[in-house]
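Below you'll find the structure, written out as structure tokens, and then a few comments.
Derivation of every value follows stated rules applied to the coordinates shown; laboratory data play no part. Nothing here was measured: the structure is a model prediction, and the numbers come from that model. Counting neighbours? That spans all protein chains shown, and the Cβs are built from the backbone with ideal geometry, glycine included.
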Amino acid sequence: MRETYIKTSRGYRWPFSKGLLVESLLNAGVKMQVAQSIAHTIEEHLRTRKRSEISASALKRLLTREVERVLGPEVAARLKSQTQSFEEIVVKSGDTRRPFSKGVLARSLEDAGFSTREAYELAKNAETALRKDGVREIDSAELEKRVGRLVEKQFGRTARRRYTGRLWLAGELFVEEEPGEPRVPFSKGVLAQSIMAAGVSPDAAYRIAREIERRLREGGQRVVSRDQLRAVASALLAEEVGEDLARKYELLRAIRRTVRPVHLLIGGVTGVGKSLLGSALAYRLGITRLISTDTVREILRSTVATDLIPTLHTSSFNAWTRLAGAEGAAPSPELILRGFRDQVARVAVGLRAIQERSAQEHTSVVVEGVHVVPGYLSHPSQSQVIQIPMLVMLEDEALHRSRFILRERETQGNRPREDYLRNFPSIRLIQSHLLELAEQTGIPVIPGENLDRAIDRGLEVIVEKMQKVYGEVLEAV
């Protein structure tokens with residue numbers, strides 16, 4: 001289905017999603033299975049009509065009619081009285097009018113001391129209540145009262161006072177590298193990100209960052225040096241989570257200001273959790289460039305004809321079917337691995353170019369994908385960077401299979417499980433091959449069964465590598 005957009009009365013447009021319809025139906029008390037069926041019917045209607053745009057009001061009428069047909073007039077009337085998830089709620093403040101945003105509300109709740117999870121849950125509950133009540137427009141002061149009552153209901157009166165009194169923190173706080181140098185605004189998000197790099201959980205990192213901000217403000221400071229901020233964070237980390245993590249934080253901060261760029265290379269077969277781990281580590285280390293080898297392969301496919309390099313134009317686990325002379329052959333282990341290595345060699349050309357350019361620009365990067373394979377990772381500018389390879393694997397075959405089922409659901413069927421499960425023996429064969437190569441070359445292996453533990457182990461690998469490369473710097477910290 002080509003992209004269909006929903007247009008609001010104020011001219012805003014966003015992509016149509018069955019999820020928006022399901023959320024609206026759930027708010028009206030419709031059961032999940034029925035809600036999904038109705039949403040699918042609406043999607044099919046739009047696909048048949050080949051509409052590229054539909055107004056929010058027209059979509060609401062279409063949805064209401066379908067609900068009345070399936071569930072009757074009472075449910076349809078309840079749905080009609082509510083503000084749908086695809087309709088905007090306008091917040092008024094004086095002459096200013098802006099769309100309601102869960103993200104903005106969640107951040108204000110975080111400023112009041114709530115964890116990221118608590119803040120998002122409160123913001124989501126506040127939005128659900130507004131939509132169930134049919135609110136289309138609300139004054140900012142009234143919204144503040146509503147959220148305050150919700151906070152008190154879920155967390156008590158003290159929490160509500162903390163929320164309503166959060167605005168005293170509004171005064172700007174600045175961080176400077178050295179006296180007289182340009183200052184940047186203090187950011188809890190940036191500080192929490194650096195704390196997470198030491199292996200602290202996101203909720204704990206944000207809680208510690210909020211406490212650091214509170215201490216600085218209570219001390220009457222408007223400007224704090226980078227070294228002073230690091231010292232305060234280290235002391236609080238030691239107090240809250242232990243000396244080991246505080247030491248790791250200090251090491252990573254010192255390294256980040258003195259070393260060459262980091263090239264983090266994460267390999268592993270499909271379905272083991274490479275992308276999630278890569279994103280998590282990139283975020284914690286403040287690395288903004290994240291490259292998937294599948295993306296590199298897709299770019300090469302668009303520039304190289306199929307008949308020129310056939311193995312490039314298929315999945316890594318069945319590249320053997322495009323090898324010369326493989327027509328009609330049985331998929332032997334040797335043939336499967338030969339096809340895999342052929343595709344890896346082709347994609348490695350693009351990966352080397354990306355790594356070399358990043359090295360020349362002194363930029364850190366995370367590269368993840370099945371084509372990150374020992375023996376194909378070197379490039380001419382490698383001495384200018386710190387290259388940290390690791391391999392993600394899943395030992396549990398049943399869990400590995402279930403990942404493809406979950407992926408199919410999360411992508412709404414765009415990555416169906418059948419092809420992966422049909423070629424599952426080949427995928428496991430390639431994993432065994434990668435494990436052998438990792439063992440031969442001393443590349444660390446990261447179990448992918450649990451994301452939190454994988455992140456912790458990944459950070460350990462990074463710190464260990466940094467200590468080896470810059471031991472003399474770390475000893476001076």
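How would you classify the stretch 229-317 from its alpha-carbon gyration tensor, with a ≥ b ≥ c the square roots of the eigenvalues: rounded for a/c under 1.5, else prolate if a/b is greater than b/c, otherwise oblate? Judged from the Cα gyration tensor, the stretch 229-317 comes out prolate (a/c at least 1.5, a/b above b/c). By the count of neighbouring beta-carbon atoms within 10 Å, fewest first, S24, S316, S101, S81 end up ordered S81, S101, S24, S316. Expressed in units of 2.2 N^0.38 Å, where N is the residue count, the Cα radius of gyration of the chain is 1.16. Distant-in-sequence amide contacts of V223, defined by a placed amide H-H separation under 5 Å and a gap of 5 or more residues or a different chain, comprise F174. The helix-based estimate of mean residue ellipticity at 222 nm for the chain, built from -39,500 (n - 2.57) per DSSP H run of four or more residues and divided by its residue count, is -18500 deg cm²/dmol to the nearest 500. Taking a ≥ b ≥ c as the square roots of the Cα gyration tensor eigenvalues, with a/c under 1.5 meaning rounded and otherwise prolate when a/b beats b/c, else oblate, which class fits the stretch 6-81? Note, shape of the stretch 6-81 comes out prolate.
Taking each of K248/K468; K60/K124; K60/K80; K7/K132; K7/K50; K7/K124 in turn, the alpha-carbon distance tops 18 angstrom for K60/K124; K7/K132; K7/K124. By the count of neighbouring beta-carbon atoms within 10 Å, fewest first, L122, L308, L26 end up ordered L308, L26, L122. As a rough footprinting exposure proxy, the listed residues Y376, Y420 were ranked by other beta carbons within 10 Å of their own, and the order from fewest upward is Y376, Y420.
What whole-number value in cubic angstrom gives the convex hull volume per residue for the C-alpha atoms of the stretch 174-256? Hull volume normalised by residue count: 82 Å³. Given R0 = 35 Å, the distance between the Cβ atoms of E176 and E137 translates into a calculated FRET efficiency of 0.25. In the chain, excluding the sites themselves, the longest stretch lacking any of the GluC sites (Glu not before Pro) that are in a DSSP loop with at most 15 other Cβ atoms within 10 Å is 4-171.
P374 sits among other residues whose Cβ lies under 12 Å from its own Cβ, and their net charge, with Lys and Arg +1 and Asp and Glu -1, is -1. Among the trypsin sites (Lys or Arg not before Pro) in the stretch 13-48, those placed in a DSSP loop whose Cβ has at most 11 other Cβ atoms within 10 Å are K31. Computed over the chain, relative contact order equals 12 percent, with contacts defined as Cα pairs under 8 Å that lie 6+ residues apart. Under the simplified labelling scheme, the Q221-R409 pair shows an inter-label distance of 4.7 nm, with each label point 7 Å from Cα along Cα→Cβ.
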